[in-house]
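Worksheet: one structure, shown below.
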Amino acid sequence: MKKILIAEDNRLIQETIFRSLSREGYNIIKVNDGKECLEVLEGTEVDLIITDLYMPNKNGHEVISELHGERKSKTPILVLSASGIEENVLKAFNLGADDFMVKPFSLIELNVRVRKLLAQKS
Amino acid sequence: MKYARAFCFKLCLNIFSLLCLICVQFTPVEAETSKYAVQIAASKDSDSLSDFQDYYQITDSITLFLSQNWYLYVVGRFKDFKSASEYAKVIIETSNLEQAFPVELEKIPGWSLVKSKQSPNPQTNPADSVSIYQNELPAEVDKTVCDTNVVANEKITEIAPGTPRRNFWLFELLGKKYFVKLEKQLIYFGNNYVPGFLQKRFIRIIELSFIYPIIFFLLILVIFFLLNIIVVLLILYITSTRKNYRERYIEVFSKLYEEALLSYFLGESSWEKTRIKLKKHNKSINRKIIISILITFQENLKGAMENGIPEIYAKLGYHRESIKLVKSSNNYKRIRGIKELTELYPEKSPEIIPDYLNDTNDAVRSQAQISYILLHRDNPFEFFRTLTKPFTRWTQLIAFYLQQINKLQVANFADYLDSENPNVRNYCLRMINHFQQFENATEIFNLLESDMEITRFLAIRAINNLRLYEGKELIKSRYATESAKNQIEIIKALKNIGQESDFDFLASVIETGSVSAKSEACRSLYFMSDVGKECILRLNLEKNMEIDPYISHITDERN
């Protein structure tokens with residue numbers, strides 16, 4: 001069973017994504033901020049990371065930077081953010097994000113992109 | 001009821017018996033057979049007995065004796081010591097006296113003289129309750145010889161000489177009787193309830209406060225402040241408790257509603273079941289919770305859920321409440337109503353929102369304008385045509401931000417440059433600048449004639465940024481009459497749209513202008529072209545303009 005980590009500070013959206021992906025048969029780990037995300041990833045290996053950009057403690061850009069920079073992680077990262085400003089999108093991709101979705105997002109589209117990223121990783 | 005009546009009857013009977021007993025036991029006997037009396041006070045000076053009686057609330061007749069330079073105040077006549085002792089207790093309770101004790105009459109000098117005279121009966125003639133020795137003493141009394149037999153070694157109640165009277169204006173106004181009683185009660189409280197180590201001080205303070213008004217008022221002030229603090233702490237406690245309860249309530253219902261609505265949106269639950277789970281949804285606070293959840297969904301999710309959210313909103317009847325809110329006299333409620341309608345009722349809200357675009361309240365108007373932009377994505381700024389009230393800087397910033405985030409249709413801002421609203425004109429100039437809309441240069445040039453300095457400034461800037469060369473002569477011709485800020489902007493524009501023909505103009509500014517103007521003119525000339533650079537260096541050498549510092553400044557990379 002594929003494991004997905006969701007880093008999202010909005011409890012309701014976190015729960016929505018969790019419920020939607022759980023129904024697809026994924027094993028989901030939920031965290032509330034960037035720092036917690038990195039701590040969990042130290043001890044657990046996941047198949048995909050879905051992260052928001054603006055979170056408390058460490059933001060999405062810092063998380064991506066640390067994962068791809070220091071830890072040299074190859075886990076695919078999907079960024080899910082309300083900020084669709086070009087600058088933020090480009091920065092996320094430059095740091096190593098594999099995909100970017102702007103809020104408001106469709107759950108169906110999210111499922112499709114998750115499936116694709118997991119297939120690419122496999 | 002039966003038992004209550006019986007109890008009341010018994011109580012009345014007991015009280016009557018007691019009164020009879022008191023009357024029988026404590027009715028002073030006739031003077032001739034008396035052996036004992038009750039001493040109630042002693043004084044070095046003989047005060048007016050009527051004042052004494054008033055002050056201590058004594059209705060008995062008082063006999064005044066002199067013993068060893070002390071005036072002894074004595075009441076009653078008793079056959080035995082026991083009766084006198086019991087009466088002493090009674091008189092303490094029924095008056096303001098602190099102490100009273102039995103004395104043997106035979107031992108009091110002057111008693112024999114009193115005994116030989118007929119004493120007035122205090123019960124029959126209260127007016128004669130004052131002793132015959134009030135103001136004069138019989139000559140036979142030897143003032144130096146006396147041995148008052150104080151039974152039971154009780155202390156003599158002393159009225160110190162020169163004690164000021166407790167008669168300041170407040171006492172007179174509210175009644176001495178009340179304050180005398182109050183003092184007695186406070187002293188009683190001090191004697192019985194205050195801890196031993198504080199007792200003396202407490203009683204002393206009480207006594208002083210009833211003598212000196214300022215102490216009395218200070219004590220009142222202290223009590224008032226303490227009460228104030230207690231009330232404040234109580235209010236804080238109640239407020240805190242209520243706040244905690246409210247937060248807990250919101251947390252519980254938020255989880256409940258989130259679960260219910262999420263199940264519905266994910267197709268796990270039908271509407272009927274969801275409706276049942278949305279308990280108390282008509283309550284005001286619960287309504288706020290549900291609306292908050294729906295707005296969160298609306299802002300973050302789209303697709304199949306996008307239509308479902310307004311549907312739930314309408315099914316719950318919340319749109320009626322939102323429309324009511326919009327019509328409220330409370331500005332905060334109106335803003336809330338406008339926001340709710342914008343987010344959750346997009347079908348009908350375009351008909352309602354325009355009424356508030358020119359609202360007198362800044363916040364309501366701002367929200368209405370932002371809502372309009374969100375609801376009219378194809379033509380978000382059409383409301384500029386009818387806008388008569390200000391379009392504030394803050395709203396302008398939000399509008400710009402929304403445009404970027406939502407990728408709204410970019411309006412042709414030149415269409416609104418002829419607006420009479422200066423905020424609209426200025427915002428449009430900024431947007432023309434940002435979106436590089438140079439198609440309608442004529443409208444921009446017209447604004448150079450505006451009365452407002454900021455509008456002219458933005459027009460000059462637009463000419464500069466959009467490289468509208470045809471506007472160069474216009475702005476140069478306006479240089480002399482413009483403000484300092486706009487002059488700088490004109491000089492800056494020449495850096496981008498200037499030519500060799502403008503060198504003389506810039507040279508004259510370098511010669512005669514202010515420091516800022518000189519600096520900008522040097523910059524414009526230096527960076528206009530290579531020819532301009534040569535020109536300024538030549539000017540420096542030939543005309544000795546002393547512009548080396550300016551050239552160093554403009555060529556410094558940090559600038």
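Condition first: away from every other protein chain (no Cβ under 14 Å) and surrounded by 14 or more Cβ atoms within 10 Å (Cβ to Cβ). Now tell me which residues in the stretch B:331-343 satisfy that. Reasoning before the result, please.
Taking the stretch B:331-343 and keeping what is away from every other protein chain (no Cβ under 14 Å), we get B:331-342.
Once the filter is applied, which keeps residues that are away from every other protein chain (no Cβ under 14 Å) and surrounded by 14 or more Cβ atoms within 10 Å (Cβ to Cβ), the stretch B:331-343 yields B:ASN331, B:LYS333, B:ARG334, B:ILE335, B:ARG336, B:GLY337, B:ILE338, B:LYS339, B:GLU340, B:LEU341, B:THR342.
Please verify whether the stretch B:260-269 includes one or more residues that are closer than 22 Å to B:SER322 by Cα, part of a helix (DSSP H, G or I) and of a type in the set (Ser, Thr, Tyr).
No: the stretch B:260-269 contains no residue that is closer than 22 Å to B:SER322 by Cα, part of a helix (DSSP H, G or I) and of a type in the set (Ser, Thr, Tyr).
Among the residues of the stretch B:29-64, which ones are in contact with a Leu (Cβ under 8 Å, 6 or more places away or on another chain), of a type in the set (Gly, Ala, Ser) and at pLDDT below 80? Can you show your working first?
Step one: list which residues in the stretch B:29-64 are in contact with a Leu (Cβ under 8 Å, 6 or more places away or on another chain), which gives B:34-37, B:39-42, B:46, B:49, B:56, B:58, B:62, B:64.
Restricting the remaining residues to those that are of a type in the set (Gly, Ala, Ser) gives B:34, B:37, B:41-42, B:46.
B:SER34, B:SER46 - these are the residues of the stretch B:29-64 that are in contact with a Leu (Cβ under 8 Å, 6 or more places away or on another chain), of a type in the set (Gly, Ala, Ser) and at pLDDT below 80.
What number of residues within the stretch A:107-117 satisfy the criterion of being away from every other protein chain (no Cβ under 14 Å) and surrounded by fewer than 16 Cβ atoms within 10 Å (Cβ to Cβ)? Before you say what the answer is, go through the steps one by one.
Pass one, the stretch A:107-117, residues away from every other protein chain (no Cβ under 14 Å): A:114-117.
If we keep only those that are surrounded by fewer than 16 Cβ atoms within 10 Å (Cβ to Cβ) as well, we get A:115-116.
The qualifying residues number 2.
Could you check the stretch B:274-297 and list, in sequence order, the residues that are more than 16 Å from B:TYR264 (Cβ to Cβ), away from chain A (no Cβ under 12 Å) and surrounded by fewer than 19 Cβ atoms within 10 Å (Cβ to Cβ)?
Answer for the stretch B:274-297, where residues must be more than 16 Å from B:TYR264 (Cβ to Cβ), away from chain A (no Cβ under 12 Å) and surrounded by fewer than 19 Cβ atoms within 10 Å (Cβ to Cβ): B:LYS280, B:ASN282, B:LYS283, B:SER284, B:ILE285, B:ARG287, B:LYS288.
Which ones in the stretch B:262-273 are more than 11 Å from every other protein chain (Cβ to nearest Cβ) and touching a residue at least 40 places away in the same chain (Cβ under 8 Å)?
Those that are more than 11 Å from every other protein chain (Cβ to nearest Cβ) and touching a residue at least 40 places away in the same chain (Cβ under 8 Å): B:TYR264, B:TRP271.
Which condition does B:GLY303 not pass, out of (1) surrounded by 13 or more Cβ atoms within 10 Å (Cβ to Cβ); (2) more than 14 Å from every other protein chain (Cβ to nearest Cβ); (3) not charged (D, E, K, R), if it passes all the others?
The single condition B:GLY303 does not satisfy is (2).
What pairs come up if the first residue lies in the stretch B:335-360 and is under 19 Å from B:ARG287 (Cβ atoms), the second is part of a helix (DSSP H, G or I) and among the acidic types (Asp, Glu), and their beta carbons are under 8 Å apart, counting only those six or more places apart or on different chains?
If the second residue must be part of a helix (DSSP H, G or I) and among the acidic types (Asp, Glu), the pairs left are B:GLU343/B:GLU299.
What's the number of the only condition in (1) out of contact with any helix residue (DSSP H, G or I) (no Cβ under 8 Å at 6 or more places or on another chain); (2) part of a helix (DSSP H, G or I) that B:THR388 fails to meet?
So the condition that B:THR388 fails would be (2).
Has the stretch B:229-249 got any residue that is out of contact with any Phe, Trp or Tyr (no Cβ under 7 Å at 6 or more places or on another chain), within 14 Å of chain A (Cβ to nearest Cβ) and either free of Cβ contacts under 8 Å to residues at least 60 places away in the same chain or of a type in the set (A, V, I, L, M, F, W, C) (or both)?
No - not one qualifying residue is present in the stretch B:229-249.
Considering (1) within 30 Å of A:TYR54 (Cβ to Cβ); (2) aliphatic (A, V, I, L, M); (3) at pLDDT 90 or above, say which one B:ILE230 fails and leave the rest.
Of everything listed in (1) within 30 Å of A:TYR54 (Cβ to Cβ); (2) aliphatic (A, V, I, L, M); (3) at pLDDT 90 or above, B:ILE230 misses just condition (1).
Among the residues of the stretch B:442-485, what is the count of those that are in contact with a Phe, Trp or Tyr (Cβ under 6 Å, 6 or more places away or on another chain) and of a type in the set (Phe, Trp, Tyr)?
Within the stretch B:442-485, residues that are in contact with a Phe, Trp or Tyr (Cβ under 6 Å, 6 or more places away or on another chain) and of a type in the set (Phe, Trp, Tyr) number 0.
Inside the stretch A:1-106, counting only helices (runs of 4 or more DSSP H) that do not spill past its ends, which hold 1 or more residues that are surrounded by fewer than 17 Cβ atoms within 10 Å (Cβ to Cβ) and either touching a residue at least 60 places away in the same chain (Cβ under 8 Å) or within 14 Å of another protein chain (Cβ to nearest Cβ) (or both)? Break it down into steps so the answer makes sense when it comes.
Numbers: elements: A:11-23, A:34-43, A:60-68, A:86-95.
Helices (runs of 4 or more DSSP H) meeting the threshold: A:11-23, A:86-95.
Looking only at the stretch B:177-208, count every residue that is assigned to a helix (DSSP H, G or I) and loosely packed, with under 11 Cβ neighbours inside 10 Å and tell me the total.
Residues that pass the stated criteria total 5.
Looking only at the stretch B:452-472, count how many residues are surrounded by 14 or more Cβ atoms within 10 Å (Cβ to Cβ), over 54 Å from the mean Cα position of the chain (by Cα) and assigned to a helix (DSSP H, G or I).
2
Given B:SER322, B:SER269, B:SER328, B:SER240, which one is more than 22 Å from B:TYR345 (Cα to Cα) and surrounded by 11 or more Cβ atoms within 10 Å (Cβ to Cβ)? Full working, then the answer.
Values: B:SER322 fails: more than 22 Å from B:TYR345 (Cα to Cα); B:SER328 fails: more than 22 Å from B:TYR345 (Cα to Cα); B:SER240 fails: surrounded by 11 or more Cβ atoms within 10 Å (Cβ to Cβ).
Just a single option satisfies the conditions, and that option is B:SER269.
Look through the stretch A:107-116, keep the residues that are free of Cβ contacts under 8 Å to residues at least 40 places away in the same chain and hydrophobic (A, V, I, L, M, F, W, C), and return whichever of them is farthest from B:GLU299 (Cα to Cα).
Among those that are free of Cβ contacts under 8 Å to residues at least 40 places away in the same chain and hydrophobic (A, V, I, L, M, F, W, C), it is A:VAL112.
Please state which of the following conditions B:ILE309 fails to meet, knowing it meets all the rest: (1) within 14 Å of chain A (Cβ to nearest Cβ); (2) within 20 Å of B:LEU408 (Cα to Cα).
(2)
The values are calculated or read from the model by the stated rules, or taken from the named source; none is laboratory data. Being a predicted model, the structure only gives us computed values, none of them experimental. Counting neighbours? That spans all protein chains shown, and the Cβs are built from the backbone with ideal geometry, glycine included.
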